[in-house]
Amino acid sequence: MRNRFLASVVIALAVLPMSQYAGAQNKKLAPPVPRAADGHPDLSGVWQPGSDKPGTWEEANQGVGVPEPGRGDNVRKGANPPYQPWAAKLVLEAYNRRNIDDYVARCIPELDLGAGSLYPNQFVQTPKLIVILIESRHVFRLIPLNEKHPEDLDPAWLGDSVGRWEGDTLVVDVAGFKERLVGSKINTDALHIVERFKRVDYNTIEYSATVEDPKALTRPYTITSKYMLRPGTRLQEYVCENNQDPDHFEALDKKGLINRNDK
Amino acid sequence: MKLIIAASLLLAASPAFAHHSFGAEYDGNKPVTLTGVITSIQWTNPHFYFFMDVKDQNGNVANWKFEGYPPVVLNRVGWKKTETMLPGDTVTVFGWQARDGTNWAHSRFVTFAKNGKKLESGPPAGNGDGGNRPPVGAP
């Protein structure tokens, strides 16, 4: 009996400091949302889009690039554009060409809208400008704050972005896109996107993008996703210098292996 | 029809986000597991490629080409350019063959004879045949 009592005391003494330690660790792991000198939440850092797991890149992804389809929940939701019939027809045509004509297959960049979890993004925040560096295809976004789009917008693959703070949420208005009328994603020059980035805790940015394109969609739709902080990750160079896919597509097409006829 | 749309929507949630559609080039119904000796490696974007001599039962050697992740992704899943895969290494590759049946495949995992390590080398097959049928007709 006495031995059992002693054992209980020993276990209690052993566990108590551990639980205190764990509490301290949790606090250490999740400090408050950092603020910039101007009082706004500081979004600076390297982030992984489309994830909801905290930790380093390795911890969060467990050495795996992307999960197998159907394994686990997808963090990014809502990316089902309600196309008008003419645009839906083009998307079906692209599908019948196995999407080989997608711009992305020729390494032309697009706004990932909370996707692209294989590649980190780095946010650099200043009071007047936020820069997002995107490893995939080695592109950047410049988001001047409290400014208007230029009057004579030159259409761009990533559009033109301007931002503003609404409370603790960074709101980014994107317009001036090039048309994409071939491939699995269709948009006209009327494409207009409003993105919202809110750092809800130390590790997490909650993201949403409301997409409208009155010439190609029947109504606006909204994509939601998350960005997770990835301490220690550095962006590297990713430039498409050896894209062999278009030649491979062409070879398969000549053999009659690309086209299908789904209606 | 409703069922088809629902299935399409589910498939559309596939998290591949790859640079191009897997199924245009490769056949998810043609998995291959091959063992051979590495002859060369191209550490390039948007994909890395490696080439491997594979000997058949009669002793004939065929050189296979494999596609995989870009170097930036390989680096994050544990590859080191100067030591992980070198010409002369014996490896076993799991992947999917090109749709025209040539000696060209998409690699998913590589297992190295020199240390027994199995590393991810490319993304999953996804839907397997060239993109998800778009949810055409959805409101």
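Below, the figures for the structure above:
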{"read-out": "Unmet requirement for A:ASN80, which otherwise passes all of (1) farther than 19 Å from B:PHE22 by Cβ; (2) out of contact with any Gly (no Cβ under 8 Å at 6 or more places or on another chain); (3) modelled with pLDDT of 90 or more; (4) of a type outside the set (Val, Ile, Thr)", "value": "(3)"}
{"read-out": "Residue selected from segment B:24-47 under the condition touching a helix residue (DSSP H, G or I) at 6+ places or on another chain (Cβ under 7 Å) and within 17 Å of B:PRO124 (Cα to Cα), by the criterion modelled with the highest pLDDT", "value": "B:GLU25"}
{"read-out": "Breaking point among (1) in contact with a Pro (Cβ under 7 Å, 6 or more places away or on another chain); (2) away from every other protein chain (no Cβ under 14 Å), for A:ILE130", "value": "(1)"}
{"read-out": "Where A:GLN125 falls short, out of the listed (1) surrounded by 18 or more Cβ atoms within 10 Å (Cβ to Cβ); (2) touching a Phe, Trp or Tyr at 6+ places or on another chain (Cβ under 9 Å)", "value": "(2)"}
{"read-out": "The one condition in (1) within 21 Å of A:LEU90 (Cα to Cα); (2) more than 10 Å from chain B (Cβ to nearest Cβ) that A:LEU170 fails to fulfil", "value": "(1)"}
{"read-out": "Unmet criterion (only one of (1) within 14 Å of chain A (Cβ to nearest Cβ); (2) part of a loop (DSSP other than H, G, I, E, B)) for B:SER107", "value": "(2)"}
{"read-out": "Boolean, B:SER21 is modelled with pLDDT under 90, among the polar types (S, T, N, Q) and under 17 Å from the mean Cα position of the chain (by Cα)", "value": "yes"}
{"read-out": "Selected residue (criterion: farthest from the other protein chains (Cβ to nearest Cβ)) from residues of segment B:48-57 that are at pLDDT 95 or above and out of contact with any helix residue (DSSP H, G or I) (no Cβ under 8 Å at 6 or more places or on another chain)", "value": "B:LYS55"}
{"read-out": "Any hit, segment A:173-182, residues being in contact (Cβ under 8 Å) with a residue 40 or more places away in the chain, in a strand (DSSP E or B) and crowded, with 22+ Cβ neighbours inside 10 Å", "value": "yes"}
{"read-out": "Close pairs (6 angstrom Cβ cut-off, 6 or more residues apart or separate chains): acidic (Asp, Glu) in segment B:94-115, modelled with pLDDT under 95 and surrounded by 16 or more Cβ atoms within 10 Å (Cβ to Cβ) anywhere", "value": "B:ASP100/A:LEU252; B:ASP100/A:LEU257"}
{"read-out": "Extreme residue, surrounded by the most Cβ atoms within 10 Å (Cβ to Cβ), among residues of segment A:183-202 that are assigned to a loop (DSSP other than H, G, I, E, B) and of a type in the set (Val, Ile, Thr)", "value": "A:ILE186"}
{"read-out": "Residue selected from segment A:152-172 under the condition modelled with pLDDT of 95 or more and assigned to a loop (DSSP other than H, G, I, E, B), by the criterion surrounded by the fewest Cβ atoms within 10 Å (Cβ to Cβ)", "value": "A:GLY167"}
{"read-out": "Identity of the residue in segment A:210-263, among the polar types (S, T, N, Q) and touching a Gly at 6+ places or on another chain (Cβ under 6 Å), that ends up farthest from the other protein chains (Cβ to nearest Cβ)", "value": "A:THR222"}
{"read-out": "Hey, B:THR39 more than 14 Å from chain A (Cβ to nearest Cβ), closer than 24 Å to A:PRO120 by Cβ, of a type outside the set (Asp, Glu) and more than 17 Å from the chain's Cα centre (by Cα) or not", "value": "no"}
{"read-out": "Tally of residues being more than 13 Å from chain A (Cβ to nearest Cβ) and over 13 Å from B:ASN103 (Cβ atoms) across segment B:16-36", "value": "4"}
{"read-out": "Check on A:ASN146, polar (S, T, N, Q), surrounded by fewer than 16 Cβ atoms within 10 Å (Cβ to Cβ) and more than 18 Å from the chain's Cα centre (by Cα)", "value": "yes"}
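Here is a yes/no grid of residues against (1) of a type in the set (Asp, Glu); (2) assigned to a strand (DSSP E or B):
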site	(1), (2)
B:ALA24	no, no
B:ASP27	yes, yes
B:THR33	no, yes
B:VAL37	no, yes
B:PHE50	no, yes
B:ASN58	no, no
B:ALA62	no, yes
B:ASN75	no, no
B:GLY78	no, no
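The values are calculated or read from the model by the stated rules, or taken from the named source; none is laboratory data. Just so we're clear, the structure is a prediction, and the values are computed from it rather than from any experiment. All Cβ positions, even for glycine, are placed from backbone atoms using ideal geometry, and neighbour counts span all protein chains on display.
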